[in-house]
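The values are calculated or read from the model by the stated rules, or taken from the named source; none is laboratory data. Predicted model, so just to flag it, every value in this text is computed and none were measured. So basically every Cβ, Gly included, is an ideal-geometry build from the backbone, and we count neighbours across all protein chains shown. Ligands, DNA and RNA are excluded from the accessible area calculation, which covers all protein heavy atoms including side chains. Shrake-Rupley method; radii C 1.70, N 1.55, O 1.52, S 1.80 Å.
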Amino acid sequence: MYSSSLHQQVNALLKKNKIAISGADNEFYVRIIANAAPIHNLYHEIYEHHPKAKEAFSQLIDGIIKAYINRSATLKQKDKDKPADWFLSNQITGMSLYVDRFCGSLKNMEQKLDHFNRLGVNLLHLLPVFESPAGESDGGYAVSDFRKVDARFGTLDDLISLQQKMNAEGIYLMQDIVLNHTSRQHEWALKAKQGDAKYQDYFYIYSDSSIPDEFDRHMPEIFPESSPGNFTYIPECGKWVMTVFHHYQWDLNYTNPAVFIEMLDNVFFYANIGVDVLRIDAPAFIWKQMGTSCQNLPKAHTLLRLIKQCVQVASPGMAILGEAIVGPTEIMKYFGTGEYKAHECDFAYNATQMALQWDMLATGDTRVMLNAQHELLQKPLGATWITYTRCHDDIGLGYDDDTIRAAGFNAYEHRKYLKEYYIGNTPGSPAKGALFSSNPKTGDARISGSLASLCGLEKALADKDILGIDLAIRRILLMQAHSFFLGGVPMLFYGDELGYCNDYSYLSDPGKSYDNRWMHRPIIDWEKNKKIDIPGTVEHKIFTATQKLIALRKKLKMVADYKNITWLPAYNIHVAGYVRELKGEVLYGIFNFSHQPAYLTWFAFKGLGKIPAILYDHYTEDEYPVGLDNEYLILEPYGFHLLEPRS
Ligand code: GLC
């Protein structure tokens, strides 16, 4: 609702900052006036009763204006040129990587852009490059300076220069903001340790363990093996601090508006480096309330909405990805609800589908996956998924028990089977993974291991098993193809484009050996990568096939994400099938998750009214005449087809 006092307050700050409201800055002026009321309301939902609420609100508006002023002309032009729904396009394919493990440094990255261009990747997620203490960095997710690039990667100038080079080549940049916590070595934490009350209020710090104990009664543990509990004693000041993740990651206190203002400023700092997609790390955890699990709370959503609104005003070309790895019902809320539907996070990870792909691969059965779709299809138009087979984190099996039960399985036994399968403990399992964060109290565990190792390549190579190698490659490509065409931006994990197996070197590094996620974070060997050019090698096979899949995705417009996916019923329980339809163009993605050939009735392709005469497979470039309903398309073990109906 319009408020003249708010308008006046905003106008005064615009004037103070010399914004040309009816001249060059008119579009910005329109944006800030249009969004002022929602920003004000969202802010007040959280901070209304805080004694410093008024003063901090003025800082918030001033911060938005300053962020706009500091935005370069190039980025302002890019904001204008990007269509509002640029990220729904089928033209974008991403890759997530650790700069140091990929090629040493940010400077070296400039020389590696050809690798991405050749593969077809045009969105790079650089895993955190800001300063974090060696030995307790959590892969860069324990940040000690949000604005200083860690010396092991290079400098801020190197990052800016890389961004400019990427921009010139049409490659988008994705970066994290680690919003939930800082490293215990961050300046704020250091001051808090010294007893500075202002900075103690930046964290959840308590004089004795009674409140922590009360919180702990309702909070699950994230890393029960390496960092049990949710609080850590600080000997320097004799107090307790909330540390939901590792003991060296201190949770920020967003009930304090000063924390929000500082972190929003960091959001803008990244926006003005030229970040196209801002990955908000661990947003499910940013609001805490005693007596709850302290995850997915309504106010966490309010904070995200507030960030989104502010970003829309100052840097509208930057999309927001909420890294919430939660079940299907909860994940939908990160896209926004009610009047904020499709106005909270632009992206979320389709972690449920990712895990369900692994479920299908281990069981050869698609029914649990299909049971989750009625929830996943609720994603609003205008927001999209990151689709992936794995990322730098573990694979959690956090989908609802009901989806498992509805397929006729016992949820506990089913998950137990999956875990055993991926650590190679079930008869016939080719996988070589490990359990991550096993919690003996709850029986929960997640899975570590590279795509290739979980798909059997490591074992087959060690056994010199030619057939096993071929099957592993098929599994890898099946997993990639299934996620590439689902809708959403595919995000490859570096090394997977060449079939990198587990890297066990982490075991000899004390800063990493306690965290087996490092087994699937390989150090890239550029000598090995030369095999991409040698036909017949595993690297060549996987790279060229991945390249082809990416090129096809860019060619097939109907795979853009416009809420245009329909799942085929389980005509054959081993075969997952979806139809992508846009403006009369149709694509069937058909995937056999079984180790045996599968038969799919031609009836599966007759549901759209017009019965096709021929199905053209974009992947194999073969044509299939559509047969009678009692005849079949025969899929090879772990085979897949990308079929376009033709008359
Ligand atoms: C996110 C990151 C993960 C990290 C955690 C804590 O989930 O992806 O790697 O350990 O946040 O920052």
Suppose all protein chains stay in the model; what accessible area per residue would a 1.4 Å probe give for the chain, in Å²? 38
Longest exposed-loop-site-free stretch of the chain, with GluC sites (Glu not before Pro), DSSP loop and at most 14 other Cβ within 10 Å? 237-620
Net charge (Lys, Arg +1; Asp, Glu -1) of residues whose beta-carbon lies under 14 Å from that of Glu581, Glu581 excluded, is +2
If you rank Met174, Met290, Met332 by how much accessible surface each has, with a 1.4 Å probe, what is the order from largest down? Met290, Met332, Met174
Length-normalised contact order of segment 181-251 in % [C-alpha pairs under 8 Å, at least 6 apart]: 36
Carbon/sulfur fraction of accessible area - the chain, other protein chains in place, 1.4 Å, %: 53
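If Lys and Arg each add +1 and Asp and Glu each add -1, what is the summed charge of the other residues whose beta carbon sits under 11 Å from the beta carbon of Leu156? Mind showing how you got there, number by number?
Numbers: positive: Arg147, Lys148; negative: Glu131, Asp145, Asp150, Asp157, Asp158.
Cβ neighbours under 11 Å give a net charge of -3.
Counting other Cβ atoms within 10 Å, keep those with at most 13, restrict to DSSP loop, and tell me which trypsin sites (Lys or Arg not before Pro) in segment 186-274 are left.
Numbers: sites: Lys191, Lys193, Lys198, Arg217, Lys239; in loops: Arg217.
For trypsin sites (Lys or Arg not before Pro) across segment 186-274 that sit outside H, G, I, E and B with at most 13 neighbouring Cβ atoms in 10 Å, the list reads Arg217.
For the chain, would you read off the P(r) tail past 38 Å as a percentage of all alpha carbon pairs? Please list the in-between numbers first.
Numbers: 70621 of 208981 pairs.
Percentage above 38 Å: 34.
For the chain, what is the calculated [θ] at 222 nm in deg cm²/dmol (nearest 500), taking -39500 (n - 2.57) for each run of four or more DSSP H residues and dividing by its residue count?
On the way: 22 runs with 243 residues, N = 647.
Calculated from helices alone, the mean residue ellipticity at 222 nm is -11500 deg cm²/dmol.
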Considering only protein heavy atoms, what is the solvent-accessible area of Ile634 at a probe of 1.4 Å, reported in Å² to the nearest 10? 90
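Quick check: net charge around Ile331, other residues with Cβ under 9 Å of its Cβ, Lys/Arg +1 and Asp/Glu -1? Could the numbers behind the result be given before it?
Details: positive: Lys333, Lys379; negative: Glu330, Glu375.
It works out to a net charge of 0.
What are the trypsin sites (Lys or Arg not before Pro) within segment 442-473 that DSSP puts in a loop, where the Cβ has at most 11 other Cβ atoms within 10 Å?
Numbers: sites: Arg446, Lys459, Lys464; in loops: Lys464.
When the trypsin sites (Lys or Arg not before Pro) of segment 442-473 are filtered for loop state and at most 11 Cβ neighbours within 10 Å, Lys464 remain.
How do Leu162, Leu608 rank by accessible surface area computed with a 1.4 Å probe, from largest to smallest? It would help to have the intermediate numbers written out before the result.
On the way: Leu162 0, Leu608 75 Å².
Result of the area sort, largest leading: Leu608, Leu162.
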So how strong a dipole does segment 141-223 carry about its Cα centre when Lys and Arg Cβ are +1 and Asp and Glu Cβ are -1, to the nearest 20 debye? 260
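Only Cα pairs under 8 Å and at least 6 apart count here; give the relative contact order of the chain as a rounded whole percent.
Numbers: 1242 pairs, mean separation 77.2, N = 647.
Relative contact order for the chain comes out at 12 percent.
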Please compute the Cα-Cα pair-distance distribution of segment 435-509 with 10 Å bins starting at 0, giving whole percents from short to long. 17, 37, 33, 13, 0
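Compute, for segment 181-251, the length of the dipole vector about the Cα centre, with Cβ point charges of +1 (Lys, Arg) and -1 (Asp, Glu) only. Units Debye, rounded to 20.
Here segment 181-251 has a charge dipole of around 220 debye.
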